[in-house]
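Worksheet: the structure to be examined is printed underneath.
The values are calculated or read from the model by the stated rules, or taken from the named source; none is laboratory data. Keep in mind that what you see is a predicted model, and the values were worked out from it rather than measured. Here the Cβ is made from the backbone with ideal geometry for all residues, glycine too, and neighbour counts use every protein chain on show.
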Number of protein chains: 2
Amino acid sequence: MRHAFLRVCTPSHLVFPRVRVTSFISYRPSRLNHSSSRPNLPISLTPHSAPFPARTHTCGTLSTRDVGSRVVLTGWLLPERQGKLVSFFPLKDSSGTVQLVLSRSDPKPELQALKHVPVESSVLIQGRVLLRPPSARRSGTTGEIDVQVESFILLNPADPAMPFLPSNPYNLPNEELRLKYRHLDLRRSVLTENLAKRSKVAHSVRNFLYDEGFVEVETPILLRSSVEGAREFLVPTRTNNLASNSPAFYALQQSPQQPKQLLIAAGAVDRYFQIAKCFRDEDGRKDRQPEFTQIDLEMAYVSWGGENSKNDLKSSWPRDWRIGASQVRTVVESMIKRIWKEVENVELPHQFQVMTYREAMSRFGSDKPDTRFGLHITDITRELPAERQNTFHQSNEILECFVVSQSHSPEFVEASRNCERDPAAELIIVTEQNHSDWPLRSNILDSSSPAKGDIEFTNVNRKLKLKPGDTVWLAKRSKMSKGGSTALGRQRLQLLEYALAKGHITLPEKPHFLWITEFPLFTRSDDDKEVFAKGRWTSTHHPFTAPLWQDVAALYGGEVEAVRGQHYDLVLNGVEIGGGSVRVHDANMQNHIFTNILQLNEQEKAPFEQLLHALRCGAPPHGGIALGFDRLMSILCKTASIRDVIAFPKTSVGTDLLFKSPAGVAADVLKQYGIKPR
Amino acid sequence: MRHAFLRVCTPSHLVFPRVRVTSFISYRPSRLNHSSSRPNLPISLTPHSAPFPARTHTCGTLSTRDVGSRVVLTGWLLPERQGKLVSFFPLKDSSGTVQLVLSRSDPKPELQALKHVPVESSVLIQGRVLLRPPSARRSGTTGEIDVQVESFILLNPADPAMPFLPSNPYNLPNEELRLKYRHLDLRRSVLTENLAKRSKVAHSVRNFLYDEGFVEVETPILLRSSVEGAREFLVPTRTNNLASNSPAFYALQQSPQQPKQLLIAAGAVDRYFQIAKCFRDEDGRKDRQPEFTQIDLEMAYVSWGGENSKNDLKSSWPRDWRIGASQVRTVVESMIKRIWKEVENVELPHQFQVMTYREAMSRFGSDKPDTRFGLHITDITRELPAERQNTFHQSNEILECFVVSQSHSPEFVEASRNCERDPAAELIIVTEQNHSDWPLRSNILDSSSPAKGDIEFTNVNRKLKLKPGDTVWLAKRSKMSKGGSTALGRQRLQLLEYALAKGHITLPEKPHFLWITEFPLFTRSDDDKEVFAKGRWTSTHHPFTAPLWQDVAALYGGEVEAVRGQHYDLVLNGVEIGGGSVRVHDANMQNHIFTNILQLNEQEKAPFEQLLHALRCGAPPHGGIALGFDRLMSILCKTASIRDVIAFPKTSVGTDLLFKSPAGVAADVLKQYGIKPR
């Protein structure tokens, strides 16, 4: 049976003359052949290891231009569909799908064995391209043609008991099972397309930056441990730490921050870039990966002034970008515009909007505001009567609110009454009855001083222009913005989520890009970093960010909280996709930050020794940025998770279900590294 | 003094109007100012943190086209050279160097402070481009112009006590010190140029592959431990291995071999590439790095036949490339040709030479032969008298030699008498006296059977055509080639090294590319891998390489030593720069190799489980290659070590002298990972 198939179905010109196929197949122990259990099939399910010819075309690129040609195709065979006299088989490769036709009355009856080839098997087909009858023509490249099968070789049969069929979008198992069998899941067209798009964007980014004079430099992944804000991965070595006679470790780079600054300080490159792998051992945050990819830039001699600044610094300095590194802004905006043009065919505005951290927190309650919808926040402290104002002043707090108006924001009216509530935000529904004294329903206000009747809220009501049926969201917060969001900022997003889920609102198609600048340079650490900070100030972003030059006096004068940084975040549709800064290039200032502000001890400062030295050797002023490539791709591919734009992702707790890592290691292996389990 | 400088030397249009420079500098504690110890300088050595304008040009790109323009330049100030009436200062940035001129009788005497700026400081210069007097014009872009300084800002002073001056090529310290201060060493033009060239080649490679339909995919660096031939780096995690209640580890990828095969098996991409970071924890081999970079490719449905093969497999199959993956060969050759054309402006031959492993070992005594010079090796066993032949046959050995002839290879005559000798090779100098019976001087021959006088060596002498003064290098080896080189192969390279050092030979400028194919698929392990092999067969390259189809029978029949692989190495000037193969796509064959040939136990096979499953799911025939990017760049940049083409290299024992890694880690950090020092 096997001989007959190979002799008849493989046309003579496809068989290489010296291939003595039968002779070596007969050597193969039959117990290794999984076809042996299905002896009645008219086809051998043995993989083909003998020579075969090259394909002449890929499936998805065949078109009416090829009608009449004889072609050799390779790909995966998808389920048969029976017509009256013929059978149809889609043949798929990563370029697309073409339809094979096989007449059931073909003079070569052996061809009918194609029906017995398991779905998802790899096959080589030789056939002729036919124009479909007019009624059967469909749109798309291959929609007007078929390929009539003349012969085929089964290159590699698929196990008929595969865990799932990637070609069947209607019966997909849960993500966990698909991650376990990622090698099958990746055969789904949607993932194939995401990977192709990722490659295209990376290509576009690299070409753009190369043309802009950037030099791509690979920086070490095996670096030295240094506490920069997140937990690192360690790599044991077989080297002993001579001083302490204890094992020595590399640390995986969290980002190429120090190496790239050293490259610029050296003058090795004027403009550096790298699409860099970074590593953070963070506790399973939603949609984070222990390894992730950054588009990483750094530029020497970044300066002040707008795009057209030559010598005339005064007139060209943009009013909204009051910091240095205007070149970084220009390069990133141009790069993003190029990506959207090439990949989405969307023209973005000439310049992106810029907003200070202070304004973002005040108007949107977030340092990465989603500016695609309204519900702006208002500070109403000053509209309160003096006595109540005083209470807030004393605690250094303010009272904020946003209004969901029946007439101006009808899409959020239902959301406002039904969405999830932030514990620190209060909802008050304005009615005919409470229209003038609604604030008295507020626990925040009521407890701040005794009520005096409706007259006291005249100014508030004049400012908010409320009508019965409107809802007001209220919250107080400390006057100086802290952290990434306020209660009202979070509440605003809850409303959006509800309204989107219910279909009450459709967000604009066009992406909203936004720069946030002038962050506070230092913050009291959040829980995440507390393990390293131990009650000291921490850098909001990292310790290398330069202060606003207007705040240098405050930096040396000890007004730590008041110092703003020359930092910029790039926000897209309410998602932070990147951040960067002008760096400190003054060694003494950098040392002041390490020693007097962050209060690092000598051991903690040690990993920065070479940076301080480089700054002392004539390092130029410099600045840069890093963009999260996974997140950018996730937005471009419209996926729910970054896992869908990564070929082999890990789960949120860092497990790789396909490769089954992390895994145990034998004690004798650990011994070489001078370590053992506790 | 400071005020005066800032007021006078910074022209008014360069000062941003709102910069109250004096006010904030006065806040700066003077103890932080390292200029305070040198109070008599007519310039403040304080870094400039206030706004400054953008440069208008880079130094190296100014030319006669710019004569008369006013320019703003930034860069590093190099040592002053005094002319009669003027001083010259080279100003350097990463684009090149331009000469500044400063008249010693300039009406702005403050400008003279430039002389007191320490060498290698970062400065901003405003000036006017002048055409040099004819006698002072030099070649090169900036050789015909000067820039007359009109004002300057000292952006960042260099410490006058830097460990060395990178601009002084005549007084460089040893490599160890330069590695410690890599941030200074990288300011040397030669390293700057190497990094730029590396970026250019990577760019060229990516563009070429992208245009050829390759998709760049990032594969995980954090993978699972699997023994593939080299020692891995482990990465402890805070996850516990549930089964054993012991710590769990990732392993850093040694190469993306499994992930790339899975991508192809999945059909996620038809052609994959990645410029990939790989990691191996090898004992300090010469010129290896614990992390290195590969140009990594894999292609689905690779097949037999030459470039022009369509359906006519028979006529297009090249005689020298008797294995599959002809597409990989074509792509790599085209890519290499593109690189040499774009970077070196050299046209390489249409196709590269191909040689079997067997021929390479016989003629050159090496599996990466340097074919740029002669001294070919000859097997003279059959020319020996029958009795002596027999001795060799019995021990399954052969006798080989190469001749250094006074007439044909005069460049090696001195080398042959003076170079270092391989312990297993014998040198005999042919004289008038021993011309006919010289082999009797050989220990190898003499001990193999008793001498019978000169008549017995007639055939040998007829074959070798020796003359008095010629030298013969002799060695015996086992008949079946093993390993990477023979004694004569190593001796051949010793002669070359000597002749090159003495200047007796100049190798051709044109690179010699060569493919080596048909390696034995399995070998008895060398010492390097013995720790894993434990006396079993090991894969010569890796366990996924497919056998020659003609040798499949031998594979299943137990003739392990006779099985040749569909492997190919790419060799350039005697250096292996890459290797790849057609992969096994038959799950049963792969399992046979794991189980019956390599005799892996279940635990050792576990890391390959997903690959075996992927092969069972209709994986296409596939093949690929990985090229060592560091070594390729080292050859292109003509450097003695790959360290010179890596921005931040480690020493041969894996130490990073700049970042001071590896380093000790506190016990409480290790505790989180469930490990402790032994």
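Here region B:484-523 is the region considered, the condition is being in a strand (DSSP E or B) and more than 23 Å from the chain's Cα centre (by Cα), and the residue that is farthest from residue B:411 (Cα to Cα) is B:522.
If I filter region B:237-251 for residues that are closer than 16 Å to residue B:625 by Cβ and either in contact (Cβ under 8 Å) with a residue 24 or more places away in the chain or in contact with a helix residue (DSSP H, G or I) (Cβ under 9 Å, 6 or more places away or on another chain) (or both), do I get at least one hit? Checked against the condition, which is being closer than 16 Å to residue B:625 by Cβ and either in contact (Cβ under 8 Å) with a residue 24 or more places away in the chain or in contact with a helix residue (DSSP H, G or I) (Cβ under 9 Å, 6 or more places away or on another chain) (or both), region B:237-251 yields no hits at all. Here is the figure for region B:535-550: residues that are surrounded by fewer than 21 Cβ atoms within 10 Å (Cβ to Cβ) and in a helix (DSSP H, G or I) total 1.
Residue A:219 fails exactly one of the following numbered conditions: (1) touching a helix residue (DSSP H, G or I) at 6+ places or on another chain (Cβ under 6 Å); (2) surrounded by 22 or more Cβ atoms within 10 Å (Cβ to Cβ); (3) touching a residue at least 24 places away in the same chain (Cβ under 8 Å). What is the number of that condition? Unmet for residue A:219, out of (1) touching a helix residue (DSSP H, G or I) at 6+ places or on another chain (Cβ under 6 Å); (2) surrounded by 22 or more Cβ atoms within 10 Å (Cβ to Cβ); (3) touching a residue at least 24 places away in the same chain (Cβ under 8 Å): (2).
Would you point out the residue of region A:152-184, among those that are among the hydroxyl-bearing types (Ser, Thr, Tyr) and modelled with pLDDT under 95, that is farthest from residue A:195 (Cα to Cα)? Result: A:170. Among residues of region B:631-651 being within 14 Å of chain A (Cβ to nearest Cβ) and in contact with a strand residue (DSSP E or B) (Cβ under 6 Å, 6 or more places away or on another chain), the one that is farthest from residue A:219 (Cα to Cα) is B:632. For region B:586-610, the candidate set comprises residues that are among the aliphatic types (A, V, I, L, M) and within 8 Å of another protein chain (Cβ to nearest Cβ); within that set, the residue that is surrounded by the fewest Cβ atoms within 10 Å (Cβ to Cβ) is B:606.
Would you mind finding the one in A:515, A:473 that is touching a Cys at 6+ places or on another chain (Cβ under 8 Å), of a type in the set (Phe, Trp, Tyr) and surrounded by 19 or more Cβ atoms within 10 Å (Cβ to Cβ)?
Numbers: A:515 fails: touching a Cys at 6+ places or on another chain (Cβ under 8 Å).
So the residue among A:515, A:473 that is touching a Cys at 6+ places or on another chain (Cβ under 8 Å), of a type in the set (Phe, Trp, Tyr) and surrounded by 19 or more Cβ atoms within 10 Å (Cβ to Cβ) is A:473.
Filtered by the rule that a residue be of a type outside the set (Lys, Arg), assigned to a loop (DSSP other than H, G, I, E, B) and within 11 Å of chain A (Cβ to nearest Cβ), region B:652-678 gives B:653, B:654, B:655, B:657, B:658, B:659, B:662, B:664, B:665, B:666, B:673, B:674. For region B:597-609, the condition of being farther than 22 Å from residue B:262 by Cα, touching a helix residue (DSSP H, G or I) at 6+ places or on another chain (Cβ under 9 Å) and part of a helix (DSSP H, G or I) holds for at least one residue. Which one is farthest from the other protein chains (Cβ to nearest Cβ) among residues in region B:115-130 that are surrounded by 22 or more Cβ atoms within 10 Å (Cβ to Cβ) and not in a loop (DSSP other than H, G, I, E, B)? The residue in question is B:129. When restricted to residues that are of a type in the set (A, V, I, L, M), without any contact (Cβ under 8 Å) to a residue 24 or more places away in the chain and assigned to a loop (DSSP other than H, G, I, E, B), region A:132-168 contains 1. With the checklist (1) at pLDDT below 95; (2) outside any helix (DSSP H, G or I) in hand, flag the one item residue A:92 doesn't pass. Only one criterion is unmet by residue A:92, namely (1).
Every residue in region A:556-596 that is assigned to a loop (DSSP other than H, G, I, E, B) and in contact with a Ser or Thr (Cβ under 9 Å, 6 or more places away or on another chain), please.
Let us first name the residues in region A:556-596 that are assigned to a loop (DSSP other than H, G, I, E, B), namely A:558-559, A:563, A:566, A:573-574, A:584-586.
A:566, A:573, A:574, A:584, A:585, A:586 - these are the residues of region A:556-596 that are assigned to a loop (DSSP other than H, G, I, E, B) and in contact with a Ser or Thr (Cβ under 9 Å, 6 or more places away or on another chain).
Take the residues in region A:426-474 that are small (Gly, Ala, Ser) and in contact with a Leu (Cβ under 6 Å, 6 or more places away or on another chain); name whichever of them is modelled with the lowest pLDDT. Per the criteria, the residue is A:451.
The strands (runs of 3 or more DSSP E) located wholly in region A:180-297 that include 3 or more residues which are facing chain B (nearest Cβ under 10 Å) and under 28 Å from residue A:569 (Cα atoms) occupy A:271-279. Among the criteria (1) buried (at least 18 other Cβ atoms within 10 Å of the Cβ); (2) of a type in the set (Ser, Thr, Tyr); (3) part of a helix (DSSP H, G or I); (4) not assigned by TED's automatic domain parsing to the domain that holds residue A:294, the one residue A:634 does not fulfil is (4).
Highlighted here are the helices (runs of 4 or more DSSP H) found entirely within region A:333-429 that include at least 1 residues which are under 30 Å from the mean Cα position of the chain (by Cα): A:357-364, A:413-418. Considered as a group, the residues in region B:222-269 that are basic (Lys, Arg) and modelled with pLDDT under 95 include one that is surrounded by the fewest Cβ atoms within 10 Å (Cβ to Cβ), and that residue is B:238. As for region B:78-85, it holds no residue that is surrounded by 22 or more Cβ atoms within 10 Å (Cβ to Cβ), in contact with a strand residue (DSSP E or B) (Cβ under 8 Å, 6 or more places away or on another chain) and farther than 25 Å from residue A:328 by Cα. Do we have any residue at all in region B:607-616 that's outside the structural domain of residue B:253 (by TED's automatic domain parsing), modelled with pLDDT of 95 or more and either polar (S, T, N, Q) or within 14 Å of the chain's Cα centre (by Cα) (or both)? Yes, the conditions are met somewhere in region B:607-616. Given the structure, is residue B:330 without any contact (Cβ under 8 Å) to a residue 24 or more places away in the chain, of a type in the set (Ser, Thr, Tyr) and not in a strand (DSSP E or B)? Answer is yes for this residue.
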